[in-house]
Amino acid sequence: MTDSSPAPEEGASCVTSFTWECRGMTDSSPASEEDAPAEPITAREVDRIRRDFPILERRVRSGRRLVYLDTAATAQRPVCVSAAMTSFSSASYGAVHRGAHRLAEEATDAFEEARTRVARFFGVAGDEIVFTSGTTAALNLVAFALAEIAAGPATGSAVPVIRPGDRILLTEAEHHANLVPWQRLARRTGADLAWIRLGPDGRLGLDDLDTLVTPRTRVIAFTHASNVTGAITDVARLVAAARAVGAMTVLDAAQSAPHLPVDFRALGVDVAAVSAHKMLGPTGIGALYGRAEILDALPPVATGGSMVEIVTMTEATFQPPPARFEAGTQAVTEAVGWAAALDYLSHLGMDRVAAREATLTARLLAGVAGLDGVRVLGPDRAVARTGAVAVEIAGVHPHDAGQYLDDLGIAVRVGHHCAQPVHRALGVTASTRASLGVYTTEAEVDAFVEALGEVRAYFGAAR
Amino acid sequence: MESLYRELILDHYRHPHAKGLAESFDGESFQVNPMCGDQVRLRVTVTPASSADDATLADVTWDGGGCSISQASTSVMSDLVRGLDLAHVEEVAGVFARLMHSRGLGLGNDADEDVLGDAIAFEGVAQYPARVKCALLGWMALKDALAKAVAGDRSPARIPEGFA
């Protein structure tokens, strides 16, 4: 401790002291009043926001300017996210939760600070946030932990012990990540798998909810917003139904968290999953939120370093949450980047982001409604839906439509978007999906609608 | 994009050849592209039936749904391979697969290009890696159906739940 270098705290503040600030954050945007409807982010602000995303200046096929409408697959990142990661890597990187040297301390602080910021963003406590590689890993963690509990002796606890004949209730709107893990859990435990059907409007049919939720329903897993139809789920209704029978609620918030204010505590769900890369952050990081009593009652799934207390040659005791679920070296740099992305979104204000995207979604839906032979798969009004808009184009396969759009520089998603049952329920095998983000402009929406209007003629499906 | 959607491809897409399954067959295959759900169900008859290498591919019929590339490729393929002996079919399939994996560099060989006939129109597909699977879907079904025919396996192809 004879280090005589000045300003010993300089390094610790490094994570937030990077200088490559995003312009979208330097603007003093009006803070929205309590209880007053949020003012949408203005088109002028979007122009400034776009300068934080250099990739949007890219030229793609035939020198065309990129029109990025694939944010629901993965969002582009502002420069301050990579700046935060670079700054951390250049100044404070070291092993987290191990070692007593200065860098280990700073890296641990940065990692835990990131956790705190993620927790604050979602309205929950820091130790209720488990870092995972993303939504898929988070949902699998829960399903595998429940399988482990089911395999052991029954214990009275905050989480269900699933027995043969018990029910796991899903919805037909699920992404494969919130479907396949539950299929496997049902197979392992002998539980019966049931699901809430999709209506023709792409929303969940909740009329027979009371019969679907039986006294033996142990888990209700559902998406907050469909990645195909964009429909936002009536979470309060499903949570109430689950509570009435003591079932655990699992929320897939991958498609809602980037686009609207999401407060897990206020939603009342037991666990929830999110991915950073959908919300302007890096890949390889996401989180499982679990109500404290729930996480306390779940066993670890992956085991190894960092998650144990005492280890002998024959057994081990485990850390309390969240460390219990974070075996091995974590994606520390990505966690720091994610926190920067959340700061960016918080600065914009999620209510203002939602208002902006609702305006753009209405423009997109109105444009598509004017096209012959194009059907929106999901709600056709910009109410209780996100800006993920999938369409069926009569006589044109989505791959062909996507290729046509790509030639004009327009990036959309084509295929089944990892949600085959949703497509089957809506009578198609695949679709063409445009999805909006905070950086999307009116001109981009119009370019998509115009190009979509040309596709059928090109492939001979219309004159 | 014109290099991808050659007129010949769009023509076959709009008016596919050999589409509609024959009643009888010596081998049947069902192939699906998991990326997009594109599907091809294909039947072959060989003469003499379930013989060795000197057999001829007497007929190919298929049904399916999917993008213009997968549907047109299966249509062009059917015209190209009908009536060829099986060794020749394998050769053509090999050349086509090589073209598809050329990353747009082509075969660099006129003799090989001649072997492909109209199927050379799919050369542009090789520049779009995501579409190569589409172009090969029918060819995979053909290979599988022929293998079954040669093995004397006339069982219907297994069709996964959810596909018509």
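Points to keep in mind about this one:
- Rg [Å, one decimal], Dmax [Å, integer] - chain B, C-alpha atoms: 15.0, 44
- Neighbour net charge for residue A:279 - beta-carbon separation under 12 angstrom, K R +1, D E -1: +1
- Cα gyration tensor shape of segment A:106-345, rounded if a/c is under 1.5, else prolate or oblate by comparing a/b with b/c: oblate
- Between the C-alpha center of segment A:241-296 and that of segment B:105-163 there is a gap of 44 Å.
- When both bridge partners sit in segment A:106-345, DSSP labels roughly 45% of those beta bridges antiparallel.
- Per-residue HN-Hα couplings for segment A:311-328 [Karplus 6.51, -1.76, 1.60; θ = phi - 60°; Hz; x = Gly/Pro]: 10, 10, 5, 10, 7, 8, 10, 10, 5, x, x, x, 4, 4, 9, 10, 6, x
- When +1 charges are put on Lys and Arg Cβ atoms and -1 charges on Asp and Glu Cβ atoms, the dipole computed for chain B relative to its Cα centre reaches about 640 debye.
- Taken about its Cα centre, segment A:106-345 carries a charge dipole of roughly 600 debye when the Cβ of each Lys and Arg holds +1 and the Cβ of each Asp and Glu holds -1.
- With Cα atoms defining each centre, segment B:1-46 and segment A:320-335 are spaced 49 Å apart in the structure.
- R0 of 45 Å, Cβ-Cβ distance residue A:61-residue A:346: FRET efficiency to nearest 0.05: 0.80
- Around the Cα centre of the protein assembly as shown, unit charges on the Cβ atoms of Lys, Arg, Asp and Glu (plus for the first two, minus for the last two) sum to a dipole of about 720 debye.
- Ordering B:74, B:95, A:55 by Cα displacement along the dipole of the protein assembly as shown toward the positive end leaves B:74 in first place; charges were set at the Cβ atoms of Lys, Arg (+1) and Asp, Glu (-1).
- Within the protein assembly as shown, the percentage of alpha carbon pairs spaced more than 32 angstrom apart rounds to 57%.
- Note on segment A:350-382 and segment A:103-119: Cα centroid distance 39 Å, given to the nearest whole angstrom.
- Antiparallel beta bridges, as assigned by DSSP with both residues in chain A, represent about 55 percent of the total such bridges.
- Helical segments meeting 15 Å axial Cα length and Kyte-Doolittle -1.0 threshold in chain B (DSSP H): B:68-81, B:86-100, B:129-150
- When the trypsin sites (Lys or Arg not before Pro) in segment A:366-422 are filtered for DSSP coil states and for at most 14 other beta-carbon atoms within 10 Å of their beta-carbon, the remaining sites are A:381.
- Accessible surface of segment A:106-345 [probe 1.4 Å, protein heavy atoms]: carbon and sulfur percent: 54
- Counted charge near residue B:15, where neighbours are those whose Cβ lies closer than 14 Å (Asp, Glu -1; Lys, Arg +1): -2
- Interface between chains A and B: roughly 1600 Å² of accessible area buried, both sides summed (probe 1.4 Å, protein heavy atoms only).
- For the protein assembly as shown, adding -39500 (n - 2.57) for each run of n ≥ 4 DSSP H residues and dividing by the number of residues yields -11500 deg cm²/dmol at 222 nm.
- Options A:211, A:304, A:182, ranked by Cα towards positive dipole end of segment A:106-345, top entry (Cβ charges): A:211
- Segment A:302-365: GluC sites (Glu not before Pro) in DSSP coil with no more than 12 other Cβ atoms inside 10 Å: A:315
- The slack in the chain from residue A:214 to residue A:303, taken as 0.36 nm per residue of separation less the alpha-carbon distance, amounts to 28.6 nm.
- Look at the Cα gyration tensor of segment A:365-437: its axes a ≥ b ≥ c give a/c under 1.5, and that counts as rounded.
The values are calculated or read from the model by the stated rules, or taken from the named source; none is laboratory data. No experiment lies behind these values; they were computed from the predicted model shown. All Cβ positions, glycine included, derive from the backbone under ideal geometry; neighbour counts span all protein chains shown. All accessible areas refer to the heavy atoms of the entire protein, side chains included, with ligands and DNA or RNA removed. Shrake-Rupley method; radii C 1.70, N 1.55, O 1.52, S 1.80 Å.
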